[in-house]
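Readers should treat all values here as calculations from the given coordinates under stated rules, not as data from a laboratory. As the structure is a computational prediction, the values presented were derived from the model and not from experiment. Every residue, glycine as well, gets a Cβ built from its backbone with ideal geometry; the counts of neighbours run over all protein chains shown.
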Amino acid sequence: MGDLVSNLSLGFGVALTLQNLGLAFLGCLVGTLIGVLPGVGPIATIAMLLPITFGLDPTGALIMLAGIYYGAQYGGSTTAILVNIPGEATSVVTALDGHQMARQGRAGVALGIAAIGSFFAGTVATLVIAALGAPLTSLALIFGPTEYFSLMVMGLVFAVVLARGSILKAVAMILVGVLLSTVGTDLETGEERMTFGLPFLSDGIDFAVLAMGIFGIAEIMRNLDHTETRDVVRQAIGRLLPNRDDFKQSYKPILRGTFIGAALGILPGNGAVLGPFAAYTLEKKLAKDPRRFGRGAIEGVAGPESANNAGAQTSFIPLLTLGIPPNAVMALMVGAMTIHGIIPGPQVMTKNPTLFWGMIASMWVGNLMLLIINLPLVGMWVRLLKVPYRLLFPAILMFCCIGIYSINSLPTDVMFIAFFGLVGYMLIKFGFEPAPMLLGFVLGRLMEENLRRALIISRGSLETFIERPVSAGLLAVAVILLVIALLPSIRKGRDEVFTE
Amino acid sequence: MKKVVLALAAVAGLAATGAQAQGYPTRPITMIVPFAAGGPTDVVARIVTDNMSRTLGQQIVIENVAGAGGTTGITRAAQSQPDGYTIMMGHMGTHGAAPALYPNLKYDPTKDFAPIGLAAGTPIVIVAKKDFPANDLKGFLDYLTKNADKVNMAHAGVGSVSHSTGIFFNSVVKAKPTMVAYRGTGPALNDLMANTVDFMTDQIVNVAPQIQGGNIKAFAIATPERSPVLPNVPTTKEAGLEGYEVSAWNAVFAPKGTPPDVVKKLSDALMKSLDDENTKKRLSELGGVIPSNTERTPEALQKLVESEVARWTPVLKAAGATAE
């Protein structure tokens with residue numbers, strides 16, 4: 001404990017210097033602004049701003065880049081709430097209820113609770129990293145291909161079990177998502193699958209392209225064909241900040257979301273994407289009246305947003321303690337560290353304690369700044385919705401195109417969002433929900449690759465999934481959930497998770 | 001917002017092609033790095049161009065165009081205007097292994113480029129999980145032949161450096177371990193550290209910290225000399241393995257048809273950058289090997305590419321490794 005206090009005071013000594021405070025602020029501000037632009041995610045931003053940090057000392061540079069990362073994460077939720085465009089897998093669920101809240105004139109409340117939930121989750125996650133970072137590292141190593149596959153099975157069963165009424169449609173959408181995730185070059189053999197010989201499909205479909213088309217572009221098309229309702233978002237502004245009732249409804253989801261997100265964030269191989277989905281599922285399961293979900297339930301924003309931010313924070317653990325990046329943004333942070341002459345690895349903690357603890361302390365500082373930056377901005381974002389839709393939608397479209405082009409610099413990606421937009425529009429018209437499809441898409445690839453990996457290592461023996469205790473446990477939970485779903489009496493009480 | 005301004009600036013820049021060689025460069029130069037930002041090639045590119053930009057008086061802007069083992073970005077760079085304003089960072093995979101891995105490759109590494117110069121070599125290290133029942137290369141090779149069906153080799157995906165060099169290793173030592181593919185080096189290392197897979201071959205920059213931290217063990221480094229980053233790791237030759245010397249080199253290329261005086265300017269700037277103390281220090285911290293003066297010339301690079309294509313093609317074809 002004494003160690004923790006002295007380490008943290010060392011960290012805050014570094015993080016609270018005028019220069020590092022300024023850099024954290026700058027990073028958070030740039031991150032927020034960039035994150036708000038649809039499609040322009042933290043990866044493109046950090047890659048672009050990397051050269052600017054050359055002149056800084058490594059700690060300052062990393063503090064700024066980390067600020068961009070969580071700033072962009074937060075900004076992405078703003079776009080999801082305001083215009084229904086989730087820039088990243090983790091903000092898909094925020095769009096579900098967040099955008100409905102915006103349509104009901106509660107955009108300010110949604111943005112406010114997202115900011116406050118994120119701040120709380122960030123604070124807890126920072127403490128978790130500081131106190132338990134090193135011991136938790138072993139958790140990352142417990143999760144091999146076998147465990148990962150079972151975790152993904154459980155994730156998919158969550159989605160199936162909790163989708164009611166349209167269960168057939170939900171399952172169909174999940175399967176389409178899984179199918180889409182198999183497009184591209186096969187990882188084990190190098191063969192191309194379902195690419196029709198088209199070179200731009202050889203690396204598969206980008207998540208951002210799919211999400212932006214299915215959600216964002218489709219939403220624009222739907223708004224344009226409902227001439228009478230398309231201005232619904234700007235009718236009433238309502239309160240800007242959450243009130244006491246909102247807090248009462250939200251504090252438990254925030255606590256639960258923080259816990260789920262923090263736990264999943266530590267896993268290697270981007271386990272953090274499951275966090276918001278799991279938090280949403282849990283909130284809906286626990287709610288007294290689950291029908292509110294998908295129609296603007298504040299818990300549906302508070303829980304997943306907290307999970308999202310907690311996961312974003314704890315995904316630094318494998319990077320800081322092992323030097324192994326769990327996702328693409330962290331891989332970029334590895335690059336940033338190497339360019340500054342710090343080779344990420346298990347020695348960073350002992351060799352560069354000021355950098356290590358300074359970064360951890362700056363995470364909390366950054367979260368505080370996000371709150372300070374974002375609460376006043378809420379009013380501005382909400383006013384943005386007053387802009388007439390005929391002026392707003394061309395701007396959204398343009399930013400979508402620029403944003404998606406900035407990810408891979410591929411013109412075909414821009415055409416693809418138009419294609420998926422059309423698909424998404426048709427899905428809306430036929431009453432299919434896009435969220436299960438995105439979940440299937442995200443989990444599908446991880447599931448397939450880990451299944452094959454596990455089977456190759458076990459030389460084809462399926463027993464490996466039962467022999468390993470963690471994997472067996474996860475599968476047992478999945479089976480129990482499935483059995484519950486199949487019992488007719490209980491099925492009546494089953495509710496919808498992913499409805500609009 | 002900056003992003004938008006930059007994007008617009010880039011569009012404006014594209015419109016103003018057809019620059020003259022005299023006075024080159026008069027506007028920023030784009031360097032296409034065919035891998036995601038943050039990877040070893042990207043890091044080398046950023047370190048080297050930092051100094052080159054100052055010499056040339058114009059910023060070299062890195063554009064990451066990832067995909068298909070780097071061939072997407074190189075194809076695009078090869079087809080761009082040969083005016084010196086689009087150059088690229090190629091590597092062992094894109095300009096050595098690619099013709100064997102991608103039968104439909106749209107460029108010929110030996111013919112479609114104006115070589116600028118070699119930037120850095122990254123040695124390959126043979127590493128294993130820390131519980132592996134052998135402590136030196138000899139014991140390892142012994143185990144490998146006796147337990148061929150038990151051993152798993154990890155790699156970072158078909159077309160990656162660890163995949164090509166791993167296949168090469170297997171062909172040299174005549175072993176057939178089971179190959180387990182990962183999406184990138186990070187997840188592969190993670191499972192190596194967790195003792196889930198047995199061994200792999202990868203670039204020193206990726207594995208050195210884990211070796212130093214005792215999370216994995218190293219059997220040998222595939223270079224003629226030991227690396228200052230890992231002074232205790234013997235070379236393959238020292239450890240008794242002949243014929244396995246391999247490095248994941250990175251080199252700067254321009255599209256074919258780039259004016260010779262432009263190539264000269266770029267090549268001079270690269271050489272100057274490699275002589276810079278700061279560049280040298282940063283590259284060697286990564287375990288990078290800085291090429292000697294004779295290895296840095298465009299002519300030497302052309303020879304290297306030809307010899308690398310000749311070396312990789314039969315090895316990879318024999319293993320049946322294609323990515324298409």
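For the residues of A:439-452, the average number of beta carbons from a partner chain within 10 Å of their own beta carbon is 1.
Summary of the geometry: the stretch A:412-432 and the stretch B:191-259, compared by the centres of their Cα atoms, lie 46 Å apart.
The alpha carbons of the stretch B:89-199 stretch over 48, 26, 24 Å along the principal axes, in descending order. Helix screen, chain A: DSSP H segments with Cα axial length of 20 Å or more and mean Kyte-Doolittle hydropathy at least 0.0 are A:18-36, A:58-83, A:107-142, A:145-161, A:167-181, A:353-384, A:389-408, A:411-429, A:434-457, A:469-486.
A simple count of charges around B:Val315, restricted to other residues whose Cβ falls under 15 Å of its Cβ and scoring Lys, Arg +1 and Asp, Glu -1, yields +2. Starting from the Cα of A:Leu4, step 7 Å toward the Cβ, then list every residue of the stretch A:128-157 with an amide N under 20 Å from that point. Residues passing the 20 Å test: A:128-140.
May I have the pair-distance distribution P(r) for chain B, computed from all Cα-Cα distances with 10 Å bins from 0 and rounded to whole percent? Histogramming chain B at 10 Å steps yields 6, 27, 33, 22, 9, 3, 0 percent. Scan chain A and report its longest stretch carrying no trypsin sites (Lys or Arg not before Pro) that are both in a DSSP loop and have at most 11 other Cβ atoms within 10 Å. Counting at most 11 other Cβ atoms within 10 Å as exposed, the longest clean stretch of chain A is A:1-287.
When the pairs B:Lys130/B:Lys281; B:Lys146/B:Lys176; B:Lys138/B:Lys317; B:Lys176/B:Lys317; A:Lys248/A:Lys386; B:Lys176/B:Lys303 are compared against a 20 Å limit on Cα-Cα distance, B:Lys130/B:Lys281; B:Lys138/B:Lys317; A:Lys248/A:Lys386; B:Lys176/B:Lys303 fall above it. Inter-part distance, the stretch A:99-119 to the stretch A:335-404, computed on C-alpha centroids, equals 19 Å.
Peptide B:204-210 is shielded by partner chain Cβ atoms: per residue, an average of 4 of them sit within 10 Å of its Cβ. For chain B, a Gaussian network of Cα nodes joined below 10 Å ranks B:Gly69, B:Gly159, B:Gly213 by mean-square fluctuation, and the top entry is B:Gly213.
The length gained on full extension between A:Lys248 and A:Ala472, counted as 0.36 nm times the residue separation minus their Cα-Cα distance, comes to 76.9 nm.
For every helix of n ≥ 4 consecutive DSSP H residues, a contribution of -39,500 (n - 2.57) applies; sum these over chain A, divide by its total residues, and give [θ] at 222 nm rounded to the nearest 500 deg cm²/dmol. Result for chain A: -23500 deg cm²/dmol, rounded to the nearest 500. As I understand it, the value is the acute angle between the Cα axis of helix B:2-15 and the longest principal axis of the Cα atoms of chain B; what does it come to in degrees, rounded to 10? The angle comes out near 60 degrees.
Near B:Val61, the amide H atoms lying under 5 Å from its own belong to B:Ile29, B:Thr30, B:Met31; only residues 5 or more places off or on other chains count, and H is placed 1.01 Å from N. The ranking of B:Lys272, B:Lys150 by Cβ neighbour count inside 10 Å, starting from the fewest, reads B:Lys150, B:Lys272.
Per residue, the average separation of C-alpha pairs within less than 8 Å and at least 6 apart gives the stretch A:2-493 a relative contact order of 29 percent.
When only C-alpha pairs under 8 Å and at least 6 residues apart count, what is the relative contact order of the stretch B:93-230, in percent?
Relative contact order here is 35 percent.
Other residues within the sphere of radius under 11 Å centred on the Cβ of B:Thr258, judged by their own Cβ, net out at +1 (K and R +1, D and E -1). The value obtained for the protein assembly as shown, namely the Cα convex hull volume divided by the number of residues, is 153 Å³ per residue.
Against the main long axis of the alpha-carbon atoms of chain B, helix B:137-146 sits at an angle near 70°. Helix B:298-318 and the longest principal axis of the C-alpha atoms of chain B enclose an angle of approximately 40°.
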